[in-house]
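This report concerns only the one structure given below.
The values are calculated or read from the model by the stated rules, or taken from the named source; none is laboratory data. Note that the coordinates shown come from a computational prediction; the quantities given were computed from them, not determined experimentally. Because the Cβ atoms are built from the backbone with ideal geometry, glycine has one as well, and the counts that use them run over all protein chains shown. Each accessible area value is taken on the protein alone, full model and side chains, heavy atoms only, with ligands, DNA and RNA left out. Shrake-Rupley method; radii C 1.70, N 1.55, O 1.52, S 1.80 Å.
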Amino acid sequence: MLSLVLGLALPTALHVYIGLRLFSSPGWPAPWAAVGWGLLGLCYLVLLAGFRVSRREQPTGLSRAIQWGAYVWLGAFGIFLTAVLASDVVAGVLSLSGAVTDMHALAQGRAAAVLGTVVPAVAFAFVTARGRAKVERTTVPLKDLGPGLDGLRVVQLSDVHVGPTLDGVWLQRVVDQVNALQPDIIAVTGDLVDGTVEQLRDQVAPLAGLKATLGVYYVTGNHEFYHGARDWISEVARLGLTVLNNEHRVLERDGARLVVAGVTDHDAGHIDAPLASRPDLALAGAPPDVPRLLLAHQPRTALSLGGLRVDLQLSGHTHGGQIFPFMFFVKLQQPVVQGLATVAGTRVYTHRGTGYWGPPL
């Protein structure tokens with residue numbers, strides 16, 4: 001009981017802090033302050049209910065609605081909190097400098113600025129997250145790539161996160177987008193799901209429709225290990241994708257060859273020791289004079305290559321930060337947050353995520 005109370009104390013205090021700054025301090029005329037507090041309280045209750053219903057194996061229509069509300073507010077809450085903290089800093093500077101003397105007007109202006117910025121920002125973030133996946137094109141020259149593979153087109157999906165708010169209908173739309181690009185290779189670089197095979201088997205079925213002339217390849221991310229990695233490895237293989245668990249394939253077209261290797265998630269060994277990430281094993285026996293493409297969910301895998309030749313690593317995991325201001329903290333764990341970069345002498349392309357985790361923002 002004590003742990004529950006302590007666990008609720010901080011989020012409760014932060015919600016009260018937001019309410020005081022946005023609805024009480026400005027002294028809005030009736031009934032607007034009460035309306036604001038009422039909406040904030042409702043969001044808080046939905047957030048708490050969302051954690052409870054997320055434990056259900058088979059969700060109902062009501063539980064899905066609660067989860068949607070909880071995920072949206074979880075993301076919006078972080079943005080509101082950041083904006084309110086920033087407004088407090090600005091207001092403090094203005095007050096101390098003597099630039100503003102009317103504290104009531106300052107409080108109202110601060111609240112209006114936060115609400116006027118965050119509400120449309122959250123709406124824009126939601127529409128962006130739920131819209132069609134953006135196609136980003138990047139050209140990467142590879143040393144020793146033969147003429148037969150010149151212009152090779154690799155389409156990467158990463159961090160798809162099929163789960164509570166991303167279903168099979170959405171995934172089918174992504175599959176159609178990918179196939180329309182007429183890829184030579186499709187690389188699915190982990191965090192495919194947020195749930196068990198039993199929960200999501202029907203929702204991931206569209207993956208069987210992915211088509212690429214030289215194959216569709218998949219590696220696990222950390223989230224697969226949260227929901228039964230071995231079951232997901234079997235299910236993805238059943239759908240027709242080639243699963244690369246610390247192994248490689250040598251592809252050939254018109255006499256030109258390319259090594260496509262894949263490792264399990266960087267932290268997999270902490271959950272399932274036999275499936276620990278092993279770049280050395282993945283590239284064992286690979287021809288040394290052939291360019292190598294490595295699929296690795298986390299960009300920091302490049303730091304553990306130990307001199308192994310990798311011409312290009314395709315990764316994800318970071319979501320590009322996903323929601324402000326978390327992109328600044330991702331850099332503390334990963335050597336690169338998004339795009340093409342060189343990490344420990346290896347070129348790494350870090351995908352920002354086809355889907356999203358948690359908040360649909």
### Message
Which pairs turn up if I take residues in region 40-69 that are within 22 Å of residue 200 (Cβ to Cβ) and look for partners that are at pLDDT below 90 and charged (D, E, K, R) with beta carbon separation below 8 Å, at least 6 apart in sequence or on another chain?
### Response
63/56
### Query
In region 342-353, which residue that is assigned to a strand (DSSP E or B) and out of contact with any helix residue (DSSP H, G or I) (no Cβ under 8 Å at 6 or more places or on another chain) is most open to solvent (accessible area, probe 1.4 Å)?
342
### Summary
Sole miss for residue 132 among (1) in a loop (DSSP other than H, G, I, E, B); (2) open to solvent by less than 70 Å² (accessible area, probe 1.4 Å); (3) in contact (Cβ under 8 Å) with a residue 40 or more places away in the chain is condition (2)
### Task
Residue by residue through region 261-277, note down the ones that are of a type in the set (A, V, I, L, M) and either under 13 Å from residue 219 (Cβ atoms) or open to solvent by less than 20 Å² (accessible area, probe 1.4 Å) (or both).
261, 263, 268, 275
### Message
Taking the criterion of being assigned by the TED database to the domain that holds residue 173, open to solvent by 40 Å² or more (accessible area, probe 1.4 Å), part of a helix (DSSP H, G or I) and farther than 23 Å from residue 177 by Cβ, would at least one residue in region 239-254 satisfy it?
### Response
no
### Task
Give 280, 231, 184 a once-over and let me know the one that is more than 22 Å from residue 348 (Cα to Cα), at pLDDT 95 or above and over 20 Å from the mean Cα position of the chain (by Cα).
231
### Query
Does residue 171 qualify as being surrounded by 12 or more Cβ atoms within 10 Å (Cβ to Cβ) and in contact (Cβ under 8 Å) with a residue 40 or more places away in the chain?
no
### Message
under 23 Å from residue 136 (Cα atoms) and assigned to a loop (DSSP other than H, G, I, E, B): is that true of residue 310 in this structure?
### Response
yes
### Task
State the number of residues belonging to region 262-283 that are farther than 17 Å from residue 243 by Cβ and without any contact (Cβ under 8 Å) to a residue 12 or more places away in the chain.
3
### Task
Could you grab me the full set of residues in region 278-334 that are acidic (Asp, Glu) and buried (at least 17 other Cβ atoms within 10 Å of the Cβ)?
311
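Listed here are the residues, each with its yes/no results for (1) under 28 Å from residue 226 (Cβ atoms); (2) of a type in the set (Lys, Arg); (3) surrounded by 14 or more Cβ atoms within 10 Å (Cβ to Cβ).
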{"position": "51", "(1), (2), (3)": "yes, no, no"}
{"position": "66", "(1), (2), (3)": "yes, no, yes"}
{"position": "72", "(1), (2), (3)": "yes, no, yes"}
{"position": "81", "(1), (2), (3)": "yes, no, yes"}
{"position": "87", "(1), (2), (3)": "no, no, yes"}
{"position": "101", "(1), (2), (3)": "no, no, no"}
{"position": "123", "(1), (2), (3)": "no, no, no"}
### Residue list for region 189-209, restricted to those being in contact (Cβ under 8 Å) with a residue 60 or more places away in the chain, of a type outside the set (Ser, Thr, Tyr) and either in the same structural domain as residue 53 (by the TED database) or not in a loop (DSSP other than H, G, I, E, B) (or both)
198, 199
